[in-house]
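Step one of this worksheet: look at the structure below.
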């Protein structure tokens with residue numbers, strides 16, 4: 001049973017995850033961060049002690065969660081002053097094997113969500129993707145995960161990095177499309193608000209009938225008349241003409257190719 | 001008061017719009033389409049007569065709605081066998097002036113939504129964008145529009161084409177991102193379903209704090225380590241490496257530039 005948890009890293013994810021564990025009745029023993037400000041702020045939120053020195057990490061936690069920049073995970077794991085403890089990183093794109101040194105029991109605890117400071121997240125709806133080298137550890141993590149989320153999955157490192165890439169398309173890139181849409185409206189004295197019903201319906205339809213069938217618009221029907229008009233107008237807006245043409249061509253090729261397949 | 005309506009064109013939009021007018025107690029007099037099948041099918045749904053010959057359009061309608069391919073609107077308008085009737089097209093990207101010939105009273109009735117066959121739409125949430133050359137006609141259209149939608153706006157042709165372009169980004173391009181995400185998951189034995197909570201949160205957050213502040217992910221923090229990893233993995237997946245790099249670079253440049261501006 002996992003009861004006592006230590007966080008290594010004090011970013012958005014550690015904050016949201018720590019609060020979820022606390023609400024589920026778990027004890028956060030300690031928070032580590034390189035910077036005292038981050039460490040102390042999170043320690044107050046999680047009602048625990050903090051340190052800025054890895055050497056001073058407390059022993060006796062059932063789980064050490066490494067939630068730092070991906071490129072720093074391996075180094076942090078190397079520096080942990082313990083053997084035979086359960087250590088999970090929270091990264092989508094980092095292989096579990098970076099934790100496989102000495103006698104650590106490596107694991108992954110990856111919540112698939114977009115976390116921003118001061119934006120509350122209903123953790124119960126956040127899918128959690130688990131991996132562990134040891135089956136008993138995996139079971140322990142599943143029980144812990146089930147306390148804070150209704151969606152717990154077990155996938156391997158190769159699937160996880162692809163899930164992360166898919167999430168970049170579905171979340172980060174999608175958000176960038178919305179950013180450009182908002183920018184273009186603003187430049188013409190219109191408010192992002194007027195797009196919201198369309199955006200809701202877009203997401204809802206893709207969810208119900210799948211994104212392929214849900215595709216509409218000038219590119220999907222290869223409407224050269226409109227595409228050329230839009231492209232010409234966008235020549236006055238930063239690099240958005242190139243942007244529009246690039247994605248339009250991707251849709252045209254994908255859509256026509258797929259249509260052929262369907263026949 | 002607009003009571004009797006004729007539809008020229010029998011596509012998805014005419015179908016959804018016609019049904020909404022019918023439910024609001026309006027009378028559809030007639031449907032025109034080049035093909036008998038489309039015309040007769042819609043006529044059954046809208047409980048009216050149909051024709052495939054523009055010369056046989058009935059006179060006496062309060063509003064003629066031209067809902068055909070953008071490139072055909074002007075030609076259709078030229079062929080209308082009437083003077084001094086209220087004629088509205090439903091296109092986002094077509095200037096009202098293509099209707100300004102003879103003594104037609106030109107107007108635009110543009111519903112901003114993604115319509116697919118057999119997917120029901122709650123018209124009351126669909127924003128309608130109106131334009132008319134004559135102020136009285138605009139008032140008449142506002143009253144009609146208000147019967148079927150809670151969101152009625154008046155914008156000019158220049159704004160409308162930009163709105164359409166913004167909608168292409170927010171709807172069509174966003175849907176394409178979801179398509180690619182689904183494809184990448186499928187290739188690795190995962191289901192699109194697992195992305196849905198992330199997608200919901202992405203849209204919700206962009207709506208609440210705006211897309212600029214809502215941007216997260218490797219590109220937004222210029223995380224070269226992850227970006228290179230993702231890009232390398234995607235070299236095995238069609239042209240998605242190029243795609244990933246293109247949008248990633250757009251986010252990086254936009255995000256850093258904006259950050260500088262904010263200072």
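Residues that are closer than 19 Å to residue A:151 by Cα and touching a strand residue (DSSP E or B) at 6+ places or on another chain (Cβ under 9 Å) within the stretch A:79-120 comprise A:88, A:89, A:90, A:91, A:92, A:107, A:108, A:109, A:110, A:111, A:112, listed in sequence order.
Considering every residue within the stretch B:167-181, establish whether at least one is more than 21 Å from the chain's Cα centre (by Cα) and at the interface with another protein chain (Cβ under 7 Å from one of its Cβ atoms). There is at least one residue in the stretch B:167-181 that is more than 21 Å from the chain's Cα centre (by Cα) and at the interface with another protein chain (Cβ under 7 Å from one of its Cβ atoms).
Taking the conditions (1) in contact with a helix residue (DSSP H, G or I) (Cβ under 6 Å, 6 or more places away or on another chain); (2) at pLDDT 95 or above in turn, residue A:123 satisfies each one other than (2). I'd like to check something: does the stretch B:192-201 contain any residue that is in contact with a helix residue (DSSP H, G or I) (Cβ under 8 Å, 6 or more places away or on another chain), within 21 Å of residue A:246 (Cβ to Cβ) and either surrounded by 14 or more Cβ atoms within 10 Å (Cβ to Cβ) or in the same structural domain as residue B:174 (by TED's automatic domain parsing) (or both)? Within the stretch B:192-201, none of the residues are in contact with a helix residue (DSSP H, G or I) (Cβ under 8 Å, 6 or more places away or on another chain), within 21 Å of residue A:246 (Cβ to Cβ) and either surrounded by 14 or more Cβ atoms within 10 Å (Cβ to Cβ) or in the same structural domain as residue B:174 (by TED's automatic domain parsing) (or both). Summed over the stretch A:218-249, residues that are within 7 Å of chain B (Cβ to nearest Cβ), within 29 Å of the chain's Cα centre (by Cα) and either touching a residue at least 12 places away in the same chain (Cβ under 8 Å) or not in a helix (DSSP H, G or I) (or both) total 2.
Among the numbered conditions (1) facing chain A (nearest Cβ under 7 Å); (2) part of a helix (DSSP H, G or I); (3) modelled with pLDDT under 95, the only one that residue B:207 does not meet is (3). Is it the case that the stretch A:161-177 has a residue that's in a loop (DSSP other than H, G, I, E, B), closer than 26 Å to residue B:220 by Cβ and either out of contact with any strand residue (DSSP E or B) (no Cβ under 6 Å at 6 or more places or on another chain) or outside the structural domain of residue A:25 (by TED's automatic domain parsing) (or both)? Looking for residues that are in a loop (DSSP other than H, G, I, E, B), closer than 26 Å to residue B:220 by Cβ and either out of contact with any strand residue (DSSP E or B) (no Cβ under 6 Å at 6 or more places or on another chain) or outside the structural domain of residue A:25 (by TED's automatic domain parsing) (or both), one finds none in the stretch A:161-177, hence no.
Evaluation of residue B:213 against the conditions (1) modelled with pLDDT of 95 or more; (2) outside any loop (DSSP other than H, G, I, E, B) shows that the sole unmet condition is (1).
Checked against (1) modelled with pLDDT of 95 or more; (2) within 12 Å of residue A:175 (Cα to Cα), residue B:201 meets all criteria but (1). Among the residues making up the stretch B:96-116, those that are over 16 Å from residue B:7 (Cβ atoms), more than 10 Å from chain A (Cβ to nearest Cβ), in contact (Cβ under 8 Å) with a residue 24 or more places away in the chain and outside any helix (DSSP H, G or I) are B:100, B:101, B:104, B:105, B:106.
Filtering the stretch A:187-197 for residues that are within 30 Å of residue A:84 (Cα to Cα), facing another protein chain (nearest Cβ under 7 Å) and outside any helix (DSSP H, G or I) leaves an empty set.
Among A:158, A:241, which is the only one that is over 28 Å from residue B:11 (Cα atoms), in contact with a helix residue (DSSP H, G or I) (Cβ under 6 Å, 6 or more places away or on another chain) and surrounded by fewer than 18 Cβ atoms within 10 Å (Cβ to Cβ)?
Step by step, each of A:158, A:241 is checked, and only A:241 is over 28 Å from residue B:11 (Cα atoms), in contact with a helix residue (DSSP H, G or I) (Cβ under 6 Å, 6 or more places away or on another chain) and surrounded by fewer than 18 Cβ atoms within 10 Å (Cβ to Cβ).
The values are calculated or read from the model by the stated rules, or taken from the named source; none is laboratory data. Quantities reported herein were computed from a predicted structural model and do not represent experimental measurements. Neighbour counts are summed over all protein chains in view; Cβ atoms, including those assigned to glycine, are modelled from backbone coordinates with ideal geometry.
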